[in-house]
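Worksheet: one structure, shown below.
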Amino acid sequence: MGSSVETLEFQAETRQLLRLVIHSIYSNKDIFLRELISNASDALDKLRLESLTDSDLAADTSDPHITLDVDQDARTLTVRDNGIGMSRDEIVELIGTIAKSGTAGLLEKLQDAQDAAAAQSLIGQFGVGFYSAFMVADKVTLRTRRAGTDAGTQWESDGEGTYEIQAVDGLPVGTSVTLHIKPADSEDGLADYLSERKIRQIVKQYSDFIRWPIRMATERTDAEGATTRETETLNSMKALWARPRNEVTEEEYTEFYRQISHDWQPPAKTVHMRAEGTFEYEALLFVPSQAPFDLFSRDAKRGVQLYVKRVFIMDDCEALMPNYLRFVKGVVDTHDLSLNISREILQHDRQIRAVRRRLVKKVLGALKEVRTGDAEAYATLWGQFGSVLKEGLLEDADNTEALLGLVSAASTHDPEKTTTLGEYVERMKDGQEAIYYLTGETRATVENSPHLEAFRAKGYEVLILTDPVDEVWVEQVPAFDGHRFQSIAKGQVDLDEPADGDEEADAEKSRREQDFAALLAWLTTSLSGQVKQVRLSSRLTTSAACLVGEAHDMTPTLEKMYRAMGQQVPPVQRTLELNPAHPLVVALRTAHDADATDPALAEIAELVHGSALLAEGGELPDPARFTRLLTDRLTRAL
């Protein structure tokens, strides 16, 4: 039988700490079963390892398993394993961790915590998962016997002031934890933890991939009313990420992806990796073949599933995946994190940050493989996720080069196919230093822009960027492959720059500037407040005028975006460039030379400026006046 019962008393601060664990730390009481099953799984792992290193250890390792027993009459739930077990000293050392950690200083920090999440970030470091059982039980009884010993031990407590320890004879090797379950109470978050359905749900959610079978005896009644009792394994134990890649079929990958993503399309790319060393983990990640409907929703859940030793911890672990890879689905299973680790600790954990960096590089590397191996598949993939990936150019300076290597954009080189930046650089003209681009709301708007005229005529390729994020990243990324990005709608782009020593070309340019000097000065004054200056252009071939911003000016499209978001932005004055060869500009110069005081000239100047503003995607300050002036001029022309 057993020896005399030894009753021990919790320290005063430990009693308060235990009460905090039971009532405040865990917002979801279901995790008590996850904690107990995880402890049982660890015990089985330890027995397997110790039996390999200690040939004298008398232990049966032929059928390692975890058993869940429900006794409805006694209202008990027992979690039993045939693992390594514990000696009396180990119970005091392991189960008594909370007493050892229950210092007044720790308690002070916990009491100062503003909410349960902050408290959990502290207490999660002390391995108190076992005590979560008191959230759902009035009393907990632990019976155990360590492999290689004859003596068994029983530990029992109601989670209040005392706990009891006594020696017990005749126990099998392993550990059983019996919980005397409290009645269900929906207001307190207590479910019916004796319900077979509830137990199945918890095991499926948190412990489905535990490597050892979790068994439970179930009763079934047939059509004739006869009741049979059989033992059933509740968990699948199919942790694909823990198996070698060459042992997993594509069908298994696809089925697992569907299970975790609820997407019935097969994934576009699978990343299966394992890291060994000081910090071990496995990861199985998937790039979907199509974007989810909530890809751009602010409230959408993102992140991958986090497991610790195959035990589910959280569903959307944002700390492991940056926002611009929010479409990636999958699982990361670490070996060295605490089960009680909180989201707050994850965000600041050095090991988690290291895992995140490697996962990001693996995903970007997988996307590069698609780009280089299957251009058509990559074009489809970029069409789904390109806009999101470009957000990484604003968020992830460490991976700028990798992300630029993935960028695919429309260009004037091909009316249908997109191009990578690498392909653009290969096609650059001799002597071209910059990567030219133009942003706009649609491809049609950009292709019809007067800014493109000279570039198209002289064979310079221009990237056509129409994603809202394009307005921002091209300003922040300095260069690609040594070539800076330059907007053809900003600054002075002189593609007709004469060669050094070309006296005839220099003389022609100087004469032209003298001929138009008076008109340019008058227009600058007439349009004061609307434009910064008026100058001659070398970028126009067929249009009369265009508006050009300075190198760091905000584009009209970006102005619209900010205003649509309710943000007020100061108006940007641009430079009006005139095409000196256009008949309208030549006629305007002639009319100004003839009579600079003619009031009709000011109206024509407004129309020229308004037309250029519309052509670049801007908004007229007074559309009604512009329409009236245009109508009047058309009437006089007829």
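Tabulated data
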read-out: Subset of the range 193-212 that is open to solvent by 50 Å² or more (accessible area, probe 1.4 Å) and under 36 Å from the mean Cα position of the chain (by Cα) - its residue that is nearest to ASP45 (Cα to Cα); value: ARG211
read-out: Filtered residues of the range 457-472 (kept if open to solvent by 30 Å² or more (accessible area, probe 1.4 Å) and closer than 25 Å to GLY405 by Cα); value: GLY459, TYR460, THR466, ASP467, PRO468, VAL472
read-out: Flag if GLU164 is farther than 22 Å from LEU44 by Cβ and either out of contact with any Leu (no Cβ under 9 Å at 6 or more places or on another chain) or buried (at least 16 other Cβ atoms within 10 Å of the Cβ) (or both); value: no
read-out: In the range 1-50, residue nearest to LYS139 (Cα to Cα) [restricted to those that are among the hydroxyl-bearing types (Ser, Thr, Tyr) and at pLDDT below 85]; value: THR7
read-out: Pairs, first basic (Lys, Arg) in the range 384-396, second open to solvent by 10 Å² or more (accessible area, probe 1.4 Å), C-beta under 8 Å, six or more apart; value: LYS390/ASP467; LYS390/VAL469
read-out: Some residue of the range 303-313 being within 10 Å of the chain's Cα centre (by Cα), closer than 23 Å to GLU391 by Cα and open to solvent by 30 Å² or more (accessible area, probe 1.4 Å); value: no
read-out: Out of GLU453, GLU475, GLU401, sole residue that is open to solvent by less than 60 Å² (accessible area, probe 1.4 Å) and either farther than 28 Å from ALA545 by Cβ or part of a helix (DSSP H, G or I) (or both); value: GLU453
read-out: Flag for SER38 being in contact (Cβ under 8 Å) with a residue 60 or more places away in the chain, more than 13 Å from VAL177 (Cα to Cα) and buried (at least 16 other Cβ atoms within 10 Å of the Cβ); value: no
read-out: Neighbours by Cβ (under 9 Å, 6+ apart or cross-chain): first from the range 230-241, over 13 Å from TRP212 (Cα atoms); second of a type in the set (Asp, Glu) and open to solvent by less than 30 Å² (accessible area, probe 1.4 Å); value: TRP241/GLU282; TRP241/ASP333
read-out: Search result, residues across the range 588-623 that are under 58 Å from the mean Cα position of the chain (by Cα) and among the aliphatic types (A, V, I, L, M); value: LEU588, LEU601, ALA602, ILE604, ALA605, LEU607, VAL608, ALA612, LEU613, LEU614, ALA615, LEU620
read-out: Elements of type strands (runs of 3 or more DSSP E) contained in the range 512-588, each with 3 or more residues being touching a Ser or Thr at 6+ places or on another chain (Cβ under 6 Å); value: 531-536
read-out: Strands (runs of 3 or more DSSP E) wholly inside the range 213-300 that include at least 2 residues being basic (Lys, Arg) and either modelled with pLDDT of 85 or more or open to solvent by less than 20 Å² (accessible area, probe 1.4 Å) (or both); value: 269-275
read-out: Counted residues, the range 49-70 - those being open to solvent by 60 Å² or more (accessible area, probe 1.4 Å), acidic (Asp, Glu) and under 42 Å from the mean Cα position of the chain (by Cα); value: 1
read-out: Residue match in the range 322-332 (condition: part of a loop (DSSP other than H, G, I, E, B), among the aromatic types (Phe, Trp, Tyr) and surrounded by fewer than 18 Cβ atoms within 10 Å (Cβ to Cβ)); value: no
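For (1) modelled with pLDDT under 90; (2) open to solvent by less than 20 Å² (accessible area, probe 1.4 Å), each residue gets a yes or a no:
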site	(1), (2)
LEU519	no, yes
GLY529	yes, no
GLN533	no, no
THR542	no, no
GLY566	yes, no
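The values are calculated or read from the model by the stated rules, or taken from the named source; none is laboratory data. Note that the coordinates shown come from a computational prediction; the quantities given were computed from them, not determined experimentally. Note that we place each Cβ from the backbone using ideal geometry, even for glycine, and neighbour counts take in every protein chain shown. Heads up: the accessible areas ignore ligands, DNA and RNA and are worked out on the full protein's heavy atoms, side chains in. Shrake-Rupley method; radii C 1.70, N 1.55, O 1.52, S 1.80 Å.
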